[in-house]
Structures are given as C-alpha cells and as structure tokens.
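Undergrad: Can you keep this structure in mind? I'll have questions shortly.
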Amino acid sequence: MNSSDLRQEIDRRIAAADAAGAARSLADLWFKDHSASTAWFACSRYEQLRPKLNLLPYRLAILRSFTVEPMVPLLRAAAFSAGIDLTVRLSEFNAHAQEILDPASSLYELAPDAAILAVQTRDIAPDLWHDFSALNAEQVQAAVRRVTGEFCTWVRAFRQHSQTHLIIHNLEQPPIASLGILDSQAEVSQTAAIQQINQALRTIASEHSGVYVLDYAALVARYGSVQWHDERKWLMVRLPVAAQNLNRLINEWLRFLHPLTGKVAKAIVVDLDNTLWGGVIGEDGMAGIQLGPEHPGGAYQELQRALLDLYHRGIILAVCSKNNSDDAMEALQKHRGMLLKPEHFVAMRINWGDKSQNLREIAAELNIGVDSLAFVDDNPIERQQIRTQLPEVFVIELPNVPMEFARAIRECPRFERLSLSAEDRQRSECYQKQAERELLKQTTSTREDFYRSLQQAIEIAPLDKSTLPRISQLTNKTNQFNLTTRRYTEQQIWELGSSPEWNCFSLRVRDRFGDNGVVGVAITRKQDKTCEIDTLLMSCRVIGRTVETAFLSFLAEHARKHGAQRLTGWFLLTRKNAPARDFYSNHGFQILQQNGDDTLWELNLEQTQVACPEWIQLHFNGDMG
Amino acid sequence: MSSQLFERVRGIAADILELSPNQITLQSSSENVQTWDSVRHLNLILAFEQEFGLQLDPEEIDQMNNIEGITSILEQKLNHHG
C-alpha cells in the first residue's frame, strides 16, 4: 500500500472508530516513511486517537541556542509510534540561561520529565569559534574556564530547582580549524580547547545524578561536519542542521528518550542463516557458509561484534531460526568464524515452526513481556509476519547489504542504557543459572524440598550511595511484580531517604547457584501508628521462591519495632502487574479501601505475624531500632 | 508544469498545512491559507528539501510563498539536476 492510500486508510479507520487499526496503520506509515510531511500527518492523527490509545505521557523541555521548531513534529511522530505521547516545550530563543537560573521561569513551571540543553559552540564560545587565531594561550584558557563555569552554574541551578533528567549537548568542532593544519601541531589548539570543555562536561555530568552528556561532537563527526551543516539555513533562519540530517538528530534524542521512558528491548532474538552468517547451513554446510575475518564473511562477524557489545550491556541474546537443530548447533559450537558461542544465548528456538509462536515462547521462558523483545531477521517476509502477528515486538529493519547490518543494530535507540549496574553486566549469566534452578525444581519432589535445596540467603540493606542507581533502575523497569509501579529518579529516592518518615530498602538474594545481585526494593513511609508501603517490587527472576514473603516479614518487623501498629499498602493495577495482585491477600492483609481497580490493604501488626520462611536466611545490614 | 510534481507538492503541503490535498490549489499561498505561518513555511521548505534531496538557495526560497512558485522552482531545480 503506498503512502497516500495508507493515509486514506488511516482516516477511514479513525472515522469508523477503529482506534487500534488506525494505530497499526499509522505505525506502518511512519515505519515506511520518516519524512517531515508524514510526521505532521502522523502527529495530527495520533492526537485524534490519543484518548483511545494507551500512550505514556512525557514532557520534554528543550533549551536551545538555535532553531529546533522543525524537529518537533519529527520527534513527536517517532515518540508516538513508540507509544509515548510527547509534549515538547521550547525555551525562548537563546534564553536558556535565564530560564535555568530563574526559579520562577516557565521551564520549572512546566515540570518536565526531562530537559535537553542544546547549545552550539559558536553561541556559547564565539571567541573560540570565530576569533581563535587572535587569542593568546592565556585568553584561550580564560575562555575555556568561562564556558566550563557557565555549564557548571547551569547544572547546579537546574539541580537546585528541578529533579528531572538533564541531557546536555557537548560542543562540536569547526569543520576546519582557524589555524588550518597548524592546529594539530600548535601549542594552543582550537580543537584541544573545545575538547577540554567537553572533558569538563563529562566531569560535571558524573558529579550529578540524572545529568547526561549527548555527544553532539561525535554525532556531527559521524556524518561529517560539512554534510551536517547547512550554512544557508543557519544564516537565514538560525537552523544549523541540513534538512537531510534532521532525523539523525532526532534519533540521537531518541537514544536518550527510550531508556528514560523504559521503552527498551531487554532481549534481542536473532535469525541464523544469512543473518549471523552468510548462506544456509543446511545446504552450504560448515565449509560453505560465509563467516570469518575476510570478505564476504567479515560483515557477519561485524554483526556478531555488535551483538557481543549488547551482551556486555546486559541485553539477553536469543536465537530463533528455521533450521535443522543439529546443523545449526554444529555451526554455533564449532565454526571457527563464530565470535558468539552457544553460551551467549540464553534461549534458542531452532525448528521449522512459526516464528511468532517461537517468540512468544522465548518471552515466556525469559519471563519478560513480548514487548521487551527485539527481532533481527534478514528475511523481510518473516519481519512483516512478526510486525502483523506480534506488533508489540520491536522488529529491526535490516538494510539489504550485510555490510550495513552491524550499524543498524548499533544505531537502534531501544538498546541504549543510561547506566550499567553490576547486575546488567552479569545478566545473561544469571539467566543461565536460572535455567539450572528450573532443572532443580523439576528434579526435587516437593515444593518445600525445592526451596530448601536452593539454600537462599537474603540481605536487606538501608539506602546507600552504592545501591542508589540500581534501586532507581529497578523502580523504572520492573513491571510484573510491582505493587504500585511508582517510578523514581535517583535524586528523588535520595531525598526520600533523607527524610525521617521514609525508609528505602534494597534486597539482595544469593543461592547455591550464585549471587542474583540487588533484585528487590521497598519504600515505606511511617506516620503516627501507620506504616505505608509506598513501593514494593521484585525482579521476576526471584519470584516464586518465597523471597517476597521473607521481604514482607522484614518490613512488618521493622515497622513494628518502630512503633507502627498497622502496615498498609496500595495495589495499583496496571496491564502488567497481575503477578502481584494476590500478594497482600495471601499474606493476611484486609481490604481497607477500594478505588476502581486499585485496592488499599491493611495488616494489623498487633494481631498478625508474617513469618519468614524457615528455608530462607535473612540478614539486615542496618539498625533494627 | 508536470502534474505529477504538482501532486507530490500538494500531498506534502496538505500534510504540513493540515488540509486535505484537494483543498490545495496552485493559488494557495501564505496570504490565503490560515495555517501557513512562518513556522509552517520553514517546515514546508525543509520537507521539500528532504523529499527531493536538494538544498534551496535564499533567492529560491523567497519565491516559494505559494504553491505555483514552489512547483516552478522545484521543477527548474530538478530539471537542472537531471
């Protein structure tokens, strides 16, 4: 269906009140055509459908020194198609400093979920950009200090007035240095001065939680400074970026927006033939497939390197291939060109069955939602089939040429992470151990024997700086066993933690197979004789092992020791947290209040005990009071 | 003037000005279309540059205040390239 037919179809479906159908066609349209005109069309139709779609509202402020108005519809259309209803507010032209410094400015009034600070080198450092040749070493250093100081002041002021995420563009290099080729040999170098500022930005970001650097210099360099800029538009309308590059800047913003909104892929499922290697293993055999350092096998090794990088980022790798299992396994295990080994893959479906069914099974096996899967396949028919049958799965559009496969994976915003915890780095290993636990479960006769044989030890700790990033990460991405699904930034948690009414606990679980790391969080608030559980969540990989009961027994005991007579907690129903629905009723809580799908539960601490299961060793790393 | 080019221009202008294609004529301009303000004008120019893979010069942009002007500039530019 061509683009104008699709537009008509979308309007027909909207007229017929078929919101889901219209949304599918809109996603299809945007997927086929990321042009500015399509972006306008898509935004206007998504706005009509907004009340009927389950979109995540998100507010973004852009503080800028140049024209970004034409980027807004492109960004919103991309966000809409990913399920995000994005409101974008632009600062007045070149008024970023006032807006950041003034606590009463409209920036803070809007209370954005995130802000982008996009300032060009020539705007913040006109002396370094235009007049560099005329400056002596001292003047250059003074300029570097001034610019660094300005960024520092802005970030501090922003943190004083707001707890939201701040993404700062670093400074791009001029296409040709003022000193020409001398710049690389000179003691006082324009390139070095700008790099110095960028280095200082990294330090500033590392000193504040929720502050990130967007490497604008690298983005411009990736596509080439001369190609990136359009001097005509800069001089006419203060738009420095050429029309052809607008979507590239959008994509860079999306690389932050996806992890910020939790719209990320947790696992990537890859095909084998003509994807991980060239050729068909069942026909070409071990000696015939293309895979190795030289052309044509090199392109496939590059793809494998990109996947290995994702593996080290904590993204789970899985295989889904139509093949004879023996042929495929032989290549995976023994081919000398394979950089990925069977142990890198946590789940495998090598059979002749339907791929959408296989993907469903993989998601179930990994205990994650189908919408956390990304799918890579060279075959456009397989991709289209998944898009239609499992629209929640993120399907990566592979280019026609294998040499470009690796880049398609690396560019994808769904694999971005804002921070990496130790848990992320060991994720796949954890899943391997999970498989061993499953095996144990099948071989022990009773449930209690299984619990005992796990030899679980849990360690509960009060909030501290070392667990803060992981705690915030868990509140932002845990969907299934999460009683209230409240999302918190590191900053917010730290502030809660410093108030005497609030307590925040992390939960670490070890068992005979190893350390699962920090896998649970509880946040409580005590007022008078009532202690309310604000947040209680656990990573799904420790669910069903009675760890949740042990955690609750601790919370009840801690509350009692601190003088509470009642332990209360809301269960707020979402589309995903059904696994936690019966948690309070199973532990003797009574319904106190009902509000639509949401229920407030209460446990009388003077009458009811929550016992820690005898097979769990519980240790608290703090003062019980 | 090629009618095929006009249809493409019409489709793009309709999206950005939030009208249906048949509401766009050669005479449509920033004077008589309410949504055609300076922000939309910049968006139109960028959309044409994106769609046709070209860069427009300031003098050309000055002549693109109505659909007829847009179509004839694009036609010149495309023929020149082809």
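Undergrad: So which residues in region A:399-423 are in a helix (DSSP H, G or I) and modelled with pLDDT under 95?
TA: A:ALA422, A:GLU423
Undergrad: Scan region A:477-490 for residues that are surrounded by fewer than 19 Cβ atoms within 10 Å (Cβ to Cβ) and part of a helix (DSSP H, G or I) and jot them down.
TA: A:LYS477 - this is the single residue of region A:477-490 that is surrounded by fewer than 19 Cβ atoms within 10 Å (Cβ to Cβ) and part of a helix (DSSP H, G or I).
Undergrad: Which of the residues that make up region A:95-132 are free of Cβ contacts under 8 Å to residues at least 12 places away in the same chain and under 27 Å from the mean Cα position of the chain (by Cα)?
TA: A:GLU109
Undergrad: Shifting gears a bit: Being under 19 Å from A:ILE168 (Cβ atoms), surrounded by fewer than 19 Cβ atoms within 10 Å (Cβ to Cβ) and in contact with a Leu (Cβ under 6 Å, 6 or more places away or on another chain) is the requirement here; does A:ARG145 meet it?
TA: no
Undergrad: Within region A:192-220, track down each residue that is closer than 21 Å to A:GLY149 by Cβ, of a type in the set (Val, Ile, Thr) and part of a helix (DSSP H, G or I).
TA: Of everything in region A:192-220, those that are closer than 21 Å to A:GLY149 by Cβ, of a type in the set (Val, Ile, Thr) and part of a helix (DSSP H, G or I) turn out to be A:ILE194, A:ILE197, A:THR203, A:ILE204.
Undergrad: Output the residues belonging to region A:441-467 that are in a helix (DSSP H, G or I), surrounded by 15 or more Cβ atoms within 10 Å (Cβ to Cβ) and not small (Gly, Ala, Ser).
TA: Correct list: A:LYS441, A:PHE450, A:TYR451, A:ARG452, A:LEU454.
Undergrad: Looking at region A:497-509, can you tell me whether even one residue there is in contact (Cβ under 8 Å) with a residue 40 or more places away in the chain, farther than 25 Å from A:LEU600 by Cα, outside any helix (DSSP H, G or I) and within 22 Å of the chain's Cα centre (by Cα)?
TA: The answer is no; no qualifying residue exists.
Undergrad: What helices (runs of 4 or more DSSP H), lying completely within region A:65-140, carry at least 1 residues that are surrounded by fewer than 23 Cβ atoms within 10 Å (Cβ to Cβ) and within 14 Å of chain B (Cβ to nearest Cβ)?
TA: A:71-81
Undergrad: A:ALA20 fails exactly one of the following numbered conditions: (1) closer than 25 Å to A:VAL393 by Cβ; (2) surrounded by fewer than 18 Cβ atoms within 10 Å (Cβ to Cβ); (3) touching a strand residue (DSSP E or B) at 6+ places or on another chain (Cβ under 9 Å). What is the number of that condition?
TA: With respect to (1) closer than 25 Å to A:VAL393 by Cβ; (2) surrounded by fewer than 18 Cβ atoms within 10 Å (Cβ to Cβ); (3) touching a strand residue (DSSP E or B) at 6+ places or on another chain (Cβ under 9 Å), A:ALA20 is out only on (3).
Undergrad: Okay, moving on. Checking A:ARG349 against (1) in contact (Cβ under 8 Å) with a residue 40 or more places away in the chain; (2) under 20 Å from A:GLU429 (Cα atoms): exactly one of these is not met. Which one?
TA: (1)
Undergrad: Quick check, is A:SER37 free of Cβ contacts under 8 Å to residues at least 40 places away in the same chain and either outside any helix (DSSP H, G or I) or buried (at least 22 other Cβ atoms within 10 Å of the Cβ) (or both)?
TA: Against the criterion (free of Cβ contacts under 8 Å to residues at least 40 places away in the same chain and either outside any helix (DSSP H, G or I) or buried (at least 22 other Cβ atoms within 10 Å of the Cβ) (or both)), A:SER37 qualifies.
Undergrad: Of all the residues that make up region B:41-69, how many are within 9 Å of chain A (Cβ to nearest Cβ), of a type in the set (Asp, Glu) and surrounded by 18 or more Cβ atoms within 10 Å (Cβ to Cβ)?
TA: Residues flagged as within 9 Å of chain A (Cβ to nearest Cβ), of a type in the set (Asp, Glu) and surrounded by 18 or more Cβ atoms within 10 Å (Cβ to Cβ) within region B:41-69 amount to 2.
Undergrad: Further, regarding this structure: Just checking, which of B:SER72, B:SER38, B:SER30 is surrounded by fewer than 19 Cβ atoms within 10 Å (Cβ to Cβ) and within 11 Å of chain A (Cβ to nearest Cβ)?
TA: Just one listed residue meets the conditions, B:SER38.
Undergrad: Write out, first by first residue and then by second, each pair whose Cβ atoms fall under 9 Å of each other, whose residues are 6+ apart or on separate chains, and whose first residue, in region A:590-607, is in contact (Cβ under 8 Å) with a residue 12 or more places away in the chain while the second is loosely packed, with under 10 Cβ neighbours inside 10 Å.
TA: Listed pairs, sorted by first residue: A:LEU600/A:GLN594.
Undergrad: Let me ask something else. Being at pLDDT 95 or above and surrounded by 21 or more Cβ atoms within 10 Å (Cβ to Cβ): is that true of A:LEU272 here?
TA: It is true that A:LEU272 is at pLDDT 95 or above and surrounded by 21 or more Cβ atoms within 10 Å (Cβ to Cβ).
Undergrad: Testing A:ALA522 on (1) under 26 Å from the mean Cα position of the chain (by Cα); (2) closer than 17 Å to A:TRP601 by Cα; (3) outside any strand (DSSP E or B), one condition comes back false. Which one is that?
TA: Only one criterion in (1) under 26 Å from the mean Cα position of the chain (by Cα); (2) closer than 17 Å to A:TRP601 by Cα; (3) outside any strand (DSSP E or B) is unmet by A:ALA522, namely (3).
Undergrad: Can A:THR275 be described as of a type in the set (Ser, Thr, Tyr) and closer than 27 Å to A:THR478 by Cβ?
TA: For A:THR275, the condition - of a type in the set (Ser, Thr, Tyr) and closer than 27 Å to A:THR478 by Cβ - is not met.
Undergrad: Taking region A:513-527 on its own, how many of its residues are in contact with a Lys or Arg (Cβ under 9 Å, 6 or more places away or on another chain) and either of a type outside the set (A, V, I, L, M) or at positive phi (or both)?
TA: Count: 6.
Undergrad: Let me ask you something else. Say we look at region B:1-22 and pick out the residues that are surrounded by 13 or more Cβ atoms within 10 Å (Cβ to Cβ) and away from chain A (no Cβ under 12 Å); which of these is nearest to A:ASN245 (Cα to Cα)?
TA: B:LEU5
Undergrad: Of all residues in region A:582-604, count the ones that are of a type outside the set (S, T, N, Q) and in contact with a Lys or Arg (Cβ under 8 Å, 6 or more places away or on another chain).
TA: Number satisfying all stated conditions: 2.
This table checks each residue for (1) modelled with pLDDT under 95; (2) not in a strand (DSSP E or B).
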residue: A:ALA347; (1), (2): yes, no
residue: A:ARG360; (1), (2): no, yes
residue: A:ILE368; (1), (2): yes, yes
residue: A:ILE381; (1), (2): yes, yes
residue: A:GLU397; (1), (2): yes, yes
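Undergrad: Now for a separate question. Looking at (1) within 23 Å of the chain's Cα centre (by Cα); (2) closer than 30 Å to A:MET338 by Cα; (3) part of a helix (DSSP H, G or I), which one does A:LEU257 not meet, given that it meets all the others?
TA: Failed condition: (2).
Undergrad: Only one of A:LEU254, A:LEU246 is touching a residue at least 12 places away in the same chain (Cβ under 8 Å), within 12 Å of chain B (Cβ to nearest Cβ) and among the aliphatic types (A, V, I, L, M); which?
TA: A:LEU246
The values are calculated or read from the model by the stated rules, or taken from the named source; none is laboratory data. Quantities reported herein were computed from a predicted structural model and do not represent experimental measurements. Using ideal geometry, Cβ is built from the backbone for each residue, glycine included, and neighbour counts are taken over all protein chains shown.
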